[in-house]
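FYI, it's all coordinate maths here, none of it is from the lab. Everything quoted here is computed from the prediction, not taken from an experiment. Here the Cβ positions follow ideal geometry from the backbone for every residue, glycine too, while neighbour counts run over all protein chains shown.
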Amino acid sequence: MQETTWNGEPLKNGDPPRGYLEAKGFWAWAYTLDHKRIGVMYLYTTLFFFLAGGVFALLIRIKLMFPGQHIFTNQTYNVLFTMHGALMIFLFVIPAIPSGLGNFFIPLQIGARDVAFPRINLMSYWVFVAGIVVILFSLVRPMDTGWTFYTPYSARTAADVTTLSFGIFLIGMSSILTGLNFLVTIHKLRAPGMTWHRMPLFIWSMYATSIIQVLATPVVGITFLLLAMERVLGVGFFDPAKGGDPILFQHFFWFYSHPVVYVMILPAMGIISEIVPAFSRKPIFGYKAIAYSSMAIAVFGFFVWGHHMFVTGMSGTAAILFSLLTYSVAIPTAIKVFNWIATMYRGSITFESPMLYALTFIFLFVIGGLTGMYLGALGADIHVHDTYFIVAHFHYTMVGGTVMGLLAGLHYWFPKMTGRMLSEKMGRPAWLLIFIGFNVTFFTQFILGFEGMPRRYAEYPAQYQALNILSTVGSWILATGILIMFANFVRGLFRGALAPPNPWKALSLEWETGSPPATENFEEIPTVTDWPYGYAGRQT
Amino acid sequence: MKEHDSGTRTYIVVWGALVMLTVVTVAVSYVHLGMMNVFVALLIASAKASLVALFFMHLRYENRLVWGFALAPLFFLVLIVVGTLSDTLFR
Amino acid sequence: MSGQSTHHGPGAAGHEAHMDPATAREAATLGIWTFLATEVLLFGGLFTSYIIYRIKYPQIFYEGHLKLDHVLGAINTVVLIGSSLTVALGIAAIRKGKVGLLRLYLFLTLLLAGTFLGIKYVEYTEKFSHGLYPDTDIFFSLYFMLTGLHGLHVLAGMVLLGAVLFLAGRGRYSESYHTPVEISGLYWHFVDLVWIYLFPLLYLLG
C-alpha cells in the first residue's frame, strides 16, 4: 500500500483521514452514541478479558504439569479454573463478536447510519462495565465453584456467589439489550432494496444470535437471582432439605447455557461465510441454505439442553429425548460446512491472514462438532463425561470455532475499523504458532480424556503426566502466537500502511465507505440492487 | 396501523369484562371440581390476558411481525416447562 | 424506555433523526414487545418451578394457599385491572392531543399502583407476623419470589409512568408524538398480565 493517496485523492501533509475516530478524549468515547465506537469499546474490553483469562489458563496448565499438589494449593487451583471459565465465557466469548464486531458492522452491512436505539446501545455497554465491576468485587472471596455454579455447593460455599450472581445478572441484561437492539435494527433499518435475501450472511447469523440472546438470557437471569435469594433469604428452590431440587438449577442453567454456545458460534459462522467467498473470489454456494441453517441452529439449540445432564440421574425418558434431539443440531451445522467447502471448490483462493483463520475455523470446528456427536450419544457420553475429552471438545468448538472466527473477523475488518493494514509478515507466523499450539494443547486432551483422566480436579494419577506436559508445552506455543498477533495489532494501529476503502475487493456495503468510516457511515444511504456475493471468479 | 382508535367505550367494556371474569374465577374456586379447578382458573386467566393484550395493548391492530414477537416467547415458555417435566415426571 | 431513546437524540452528528418518525415508532413498538418477550421468560423460570413443585407437593400448596388472604388478592386484582384501564384511556387521550386528560389518567394510574403496593405491604406484614417467610417452605418461597419480583416490576412501572407524567407536564407529548407514552403503557399492561396469572395460581388453587 502506498501512503500518498487515500480514496483516490492525494494526502495532504501525510495525515490520514480519521473518520469516526476524529473526536478525541475520554468523554467523546464514554458518551458516544456511535455504534462503531461502542463496538470498539466492547472489543477492547472483551479482548482484555481474553488476555486475563488466558493468563489463568497458562497458570492452570503449568500446575497440571505435575500430578500432585504443586506450585499452588488445590483451593487456588479451583479458583483459577473457575475464574478462567467464568471470565472467558461471560466477559469474552459471549460478548466479543456480537457486541464488538456485531455493533460495528451490522449497521454498516445493512446500509444504516446506526442501530435502532443508540442510547440503549450505550447503556448496554455501561451495564456491561457495571457487571464487570460487581464481578471484580466478588473476587474478595473468590469463586471456587467452576463456571457452572452448580447447586447445592454454590449455595453453601464461603465464596461470594451472591455478589457474583448480581454481576452476571447485569452482564445478561447488557446482552439482552444488545440482542433487542440488533433484532429491531435488522428489521427496520435495512437500506432501500436490501431484501432479506440480499443481506450478508453475517447479518443472518447475527439475527439468529440475537433471538437466542433475547429469549435465553432472561432464564439465566432468574436462575442467578434464585441462587442469590437462596443464599440471602433462604428460599428453597434448589435445596433438597427444603424440598427443592438441585437438578432444577441445572435445567435452568443449561436452558440458557446451551443455546448460548450458539450465541458464541453463530456470529463466527457468519464471519466465515463472509470471508470464504471473498478470498475464493466465488459466489457463496448455497446462500439460502446457510442463511436458514443459522435460524435452524438458533431454534434447535433450545431443544437440547438436557444433554449436559446425562449423568445427573435425570429420567431415562428425558435422557433419550435429549440425546435424539441433540443430533438435529448437527444437520444445519453440516450444511454450513459443506457449503463453505463447495464455495471454495475451484475458486481462486488466496491465503491472507483472514482466510487462514477462516480455514482453521472450518478444520477445527469440524473436529469440535464431530466429537460433539460422540457426546450427544447417550452411551458414549456416560463413558467420557467429566473427563478431559469434554474439555478438549468444547475448546475445539469455542477456541477452534468462536475464537478462530473472531480472529478471522478481526484480521478481515481491521483495515475498516482502524484505517490501517496489518502486516502479513507478522500475521502468518502468528497464525502458524496459534494453529500448532492449539492442536498440541487440546488434541492431547482428547487422548487424556479417552484414557479416563477426570476434569476439574487439581490432582491426577501420575500415569497421565507425559501427555499433560505435552499439553502445557502446547499452551506456550499458543500463547506465543497470540502475543505476536497482538503485537501485530498494536503495530498496525500506529505504523500499519494506510488502508484503502476496500482492501479485499469484497462486495458487502461496509467496503463501500471509507476506511475508517465517517461517523454517519455513508454520505448517502446506498440503494441495494443485488446480493453481496456476486464475485465473478477469476476465470481460468 | 397503530393509530387506530379503540374508543373509550371499548376500553370500559373490556374493563367490565375483566372485573366480571375476576369475580367468576373467585366464585369458581369455592366449587370443588378437582383437577378441573386448575383448568378453569387457567382458562379464565388466559381469557383475561387475551383481552388485555388484544385491546389494551392494541395487539388487534398490530401487524404479523409484532404478533410473532408477542407469541414467540410463549412457545419457549412451553418448551422449558415440557423439557424440565420430561425429567422430573419420569425420574 | 425503548421509546424515549429513539427520538430526541442529540449527540454526535448523524444520530439526529436517523430514522423517520414512522419508522422510529414501529421500531419502538417492536423493541418493547421484544423486551416483554424477555420478561415472559424471566418469569418463566418461576412459573416452571411452580408447575414442578405443585405437581410434586400438592399438599404443601393446598395448605399454603389457605394461609393467603384471597379477598385482598381479589381486591388487588381489580385495582391493577383498573390501572390498566386508566393507562389505556390516557393513551386514547393523548392520541387526540388531550395532554391534560393524559396527565389526569396517569396520575390515577400511579394512585392505583400505589394502592396495589400498599395492600401488598399489608399482606407481607400479615405473613411475617404469622411467621411465614420466604424460607418457610416451597410454597412460600414461590409466593414471595413471584409476588416480590412482580412488585419490583410494579415499582419500575411507576417510575416509568411517573417520568412520562413529568414530561407530559413539560409539554413533551402531542397528538403527533407520544411514542414513550405508548411504550410505557405496554409495559404497564404487561405487569397487569403477570398478576392476572399470579392471582389464581397463588391465591385460589388448592
When you look at B:Phe55, is it buried (at least 18 other Cβ atoms within 10 Å of the Cβ), assigned to a helix (DSSP H, G or I) and within 14 Å of chain A (Cβ to nearest Cβ), yes or no?
no
If you check A:Lys288 against the conditions, is it basic (Lys, Arg) and away from every other protein chain (no Cβ under 14 Å)?
yes
Condition set hydrophobic (A, V, I, L, M, F, W, C) and over 23 Å from the mean Cα position of the chain (by Cα), scope the range A:160-200, selection nearest to the other protein chains (Cβ to nearest Cβ): answer is A:Leu189
State all residues of the range A:486-532 that are among the β-branched types (Val, Ile, Thr) and free of Cβ contacts under 8 Å to residues at least 12 places away in the same chain; if no residue qualifies, say none.
A:Val490
Being surrounded by fewer than 23 Cβ atoms within 10 Å (Cβ to Cβ), more than 14 Å from chain A (Cβ to nearest Cβ) and out of contact with any Leu (no Cβ under 6 Å at 6 or more places or on another chain): is that true of C:Leu102 here?
no
Scanning the range C:135-163 for residues that are hydroxyl-bearing (Ser, Thr, Tyr) and in a helix (DSSP H, G or I), the one farthest from C:Leu104 (Cα to Cα) turns out to be C:Ser141
Find the residue count for the range C:31-83, including only residues that are at the interface with chain A (Cβ under 7 Å from one of its Cβ atoms), under 18 Å from C:Val194 (Cα atoms) and out of contact with any Phe, Trp or Tyr (no Cβ under 7 Å at 6 or more places or on another chain).
5
Which residues, counting only those in the range B:28-52, are within 10 Å of chain C (Cβ to nearest Cβ) and not in a helix (DSSP H, G or I)?
B:Tyr30, B:His32
In the range A:319-341, the residues that are surrounded by 23 or more Cβ atoms within 10 Å (Cβ to Cβ) and among the hydrophobic types (A, V, I, L, M, F, W, C)
A:Ala319, A:Phe322, A:Val329, A:Trp340
Please pick out the residue among A:Pro142, A:Pro107, A:Pro152 that is touching a residue at least 60 places away in the same chain (Cβ under 8 Å) and crowded, with 19+ Cβ neighbours inside 10 Å.
A:Pro107
Just to be sure, is C:Ile91 closer than 27 Å to A:Thr185 by Cβ and away from chain A (no Cβ under 14 Å)?
yes
Only one of A:Gly437, A:Gly492 is within 22 Å of A:Val40 (Cβ to Cβ), touching a Leu at 6+ places or on another chain (Cβ under 7 Å) and either of a type in the set (S, T, N, Q) or crowded, with 20+ Cβ neighbours inside 10 Å (or both), namely A:Gly492
Out of everything in the range A:226-252 that is among the hydrophobic types (A, V, I, L, M, F, W, C) and either at the interface with chain C (Cβ under 8 Å from one of its Cβ atoms) or outside any helix (DSSP H, G or I) (or both), what residue ends up being farthest from B:Ile80 (Cα to Cα)?
A:Leu233
Yes/no for B:Leu89 being within 11 Å of chain A (Cβ to nearest Cβ), loosely packed, with under 15 Cβ neighbours inside 10 Å and either in contact with a Lys or Arg (Cβ under 8 Å, 6 or more places away or on another chain) or farther than 24 Å from C:Lys56 by Cα (or both)
no
May I ask you to list the residues in the range C:171-206 that are more than 10 Å from every other protein chain (Cβ to nearest Cβ), part of a helix (DSSP H, G or I) and among the polar types (S, T, N, Q)?
C:Ser184
If you go through the range A:147-159 one residue at a time, do you hit one that is in contact with a Phe, Trp or Tyr (Cβ under 9 Å, 6 or more places away or on another chain), in a helix (DSSP H, G or I) and more than 10 Å from chain C (Cβ to nearest Cβ)?
yes
